[in-house]
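K.L.:
One structure is given below, represented as structure tokens, and several questions about it will come after.
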Amino acid sequence: MNVFDNLMERLIKAMEVPHLRLPAAGVRIFKQDEEVPREVVKYQPDGMTVTSCHATRATMLDEAVYLTADSIGCIAAAISLGLVDEHQSSPLKGPRDYTEIMKKNSGKGDEFVPPSPLKFTNGTVYACRDSKAEEFALFGKEDSGRYAKREIARKAVSDMLSLQPPTTRGVFYFPPTFDDTRITPDVVVLSLRPVELCRLIQGYQFLTGNRVRADVGGLRAGCSDLIVRPYLLGEINFSPYCLGARLIAKFEGDRMGMGFPFSFLEVIVEGTEKSRTGFPFPQYPGARPLSR
């Protein structure tokens, strides 16, 4: 059993609730100057693209996914994760999951030209109505866009942390059970019910006393908020997820995301174990999961 798997088993045991699930994904960011093991490359999607949120969700169902600039299905996540230049003025090659939704709803068929990374960065896509770029709407003619004005969209984008300029070769999403011990996560993402999130923060604080401050937005939660922010700042963050995570990856309505550097996992586990008698989780209303 690898360290990641062992720590997750200990964490679940420390919660003291039978049949509890704490879906987890390890995320490893490979930089351009790193060699990516063949054992990782083989998990790149074959002939299709996958969004970052969807890769995280698949990993929590015990699959592994390796994404590159060629296979990532969300341009916004490609920017956040440093796979493409945020100022690139030409569209990415080939169909992408996210922009295929636009194409379907635009009614333009093969005449549809997908937005470039620059059009995400400068607010055109997210304020598609204000920008008179209705072809980038996701929900048809009545779509308000994600922000009311282009300048509001630019402000929101400027607060989304990203690995820019791009230096990432690929991003590997893998479950705790992944059996190659040479690969450890940079970041761990958990999908939790609020009651579970409460308990893990209590466990973390038991040993550190450190407050946890959430920095969230309605877009790029699965990539920027839950992966890049912990990666760059070395801190815990949590999020109610975003549009893509809810509608494309289908994260359940009772779940929130929690992301943190892998080095924090042992602290969270040990703190949760040692504070069991001070925070009796089985007595928390809703602690016991409903049978599905």
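K.L.:
Please work out which one of (1) crowded, with 18+ Cβ neighbours inside 10 Å; (2) aliphatic (A, V, I, L, M); (3) in contact with a Ser or Thr (Cβ under 9 Å, 6 or more places away or on another chain); (4) under 20 Å from Ser191 (Cα atoms) is the condition Ile79 fails and give its number.
P.N.:
All conditions are met except number (4).
K.L.:
So in segment 10-33, with the set limited to residues that are open to solvent by 30 Å² or more (accessible area, probe 1.4 Å) and over 22 Å from the mean Cα position of the chain (by Cα), which one is nearest to Val188 (Cα to Cα)? Don't jump to the end; show me each part of the working.
P.N.:
To start, the set of residues in segment 10-33 that are open to solvent by 30 Å² or more (accessible area, probe 1.4 Å) comprises 10, 12-13, 16, 18-19, 21, 28, 31-33.
Narrowing further to those that are over 22 Å from the mean Cα position of the chain (by Cα): 10, 13, 16, 18-19, 33.
Details: Arg10: 15, Lys13: 18, Glu16: 22, Pro18: 23, His19: 21, Asp33: 23 Å.
Only one residue tops the list, namely Arg10.
K.L.:
Given Leu197, Leu226, Leu190, Leu219, which one is assigned to a strand (DSSP E or B), closer than 19 Å to Glu252 by Cα and open to solvent by less than 20 Å² (accessible area, probe 1.4 Å)?
P.N.:
Working: Leu197 fails: assigned to a strand (DSSP E or B); Leu226 fails: assigned to a strand (DSSP E or B); Leu219 fails: assigned to a strand (DSSP E or B).
Exactly one of Leu197, Leu226, Leu190, Leu219 is assigned to a strand (DSSP E or B), closer than 19 Å to Glu252 by Cα and open to solvent by less than 20 Å² (accessible area, probe 1.4 Å), namely Leu190.
K.L.:
Still on this structure, I have one more. Are any residues in segment 89-102 buried (at least 17 other Cβ atoms within 10 Å of the Cβ) and more than 22 Å from Lys141 (Cα to Cα), and if so, which ones?
P.N.:
Leu92 - this is the single residue of segment 89-102 that is buried (at least 17 other Cβ atoms within 10 Å of the Cβ) and more than 22 Å from Lys141 (Cα to Cα).
K.L.:
Which of the residues belonging to segment 234-292 are assigned to a helix (DSSP H, G or I), open to solvent by less than 10 Å² (accessible area, probe 1.4 Å) and hydroxyl-bearing (Ser, Thr, Tyr)? First the steps, then the outcome.
P.N.:
In the first step, residues of segment 234-292 are kept if they are assigned to a helix (DSSP H, G or I); the result is 243-247, 263-274, 281-283.
Remaining after also requiring open to solvent by less than 10 Å² (accessible area, probe 1.4 Å): 245, 265, 268-269, 271-272, 281.
The answer is Thr272, and nothing else.
K.L.:
I've got another one for you. Residues that are open to solvent by 60 Å² or more (accessible area, probe 1.4 Å), modelled with pLDDT of 95 or more, more than 30 Å from Arg38 (Cα to Cα) and assigned to a loop (DSSP other than H, G, I, E, B): does segment 160-176 have at least one?
P.N.:
Taking every residue of segment 160-176 in turn, none turns out to be open to solvent by 60 Å² or more (accessible area, probe 1.4 Å), modelled with pLDDT of 95 or more, more than 30 Å from Arg38 (Cα to Cα) and assigned to a loop (DSSP other than H, G, I, E, B).
K.L.:
Same structure, new question: With Tyr284, Tyr241 as the choices, which residue is touching a helix residue (DSSP H, G or I) at 6+ places or on another chain (Cβ under 7 Å), among the hydroxyl-bearing types (Ser, Thr, Tyr) and farther than 19 Å from Val188 by Cα?
P.N.:
Residue meeting the stated conditions: Tyr284.
K.L.:
Go through (1) under 28 Å from Arg154 (Cβ atoms); (2) open to solvent by less than 40 Å² (accessible area, probe 1.4 Å); (3) modelled with pLDDT of 95 or more; (4) in contact with a Pro (Cβ under 8 Å, 6 or more places away or on another chain) one by one and return the number of the condition Glu86 breaks.
P.N.:
(2)
K.L.:
Here is a list of conditions, (1) open to solvent by 40 Å² or more (accessible area, probe 1.4 Å); (2) over 28 Å from Leu138 (Cβ atoms), and Val212 meets all of them except one; can you say which number that is?
P.N.:
That leaves (1) as the condition not met.
The values are calculated or read from the model by the stated rules, or taken from the named source; none is laboratory data. Computed from a prediction, not measured in an experiment: that's the story for all the values here. All Cβ positions, even for glycine, are placed from backbone atoms using ideal geometry, and neighbour counts span all protein chains on display. Each accessible area value is taken on the protein alone, full model and side chains, heavy atoms only, with ligands, DNA and RNA left out. Shrake-Rupley method; radii C 1.70, N 1.55, O 1.52, S 1.80 Å.
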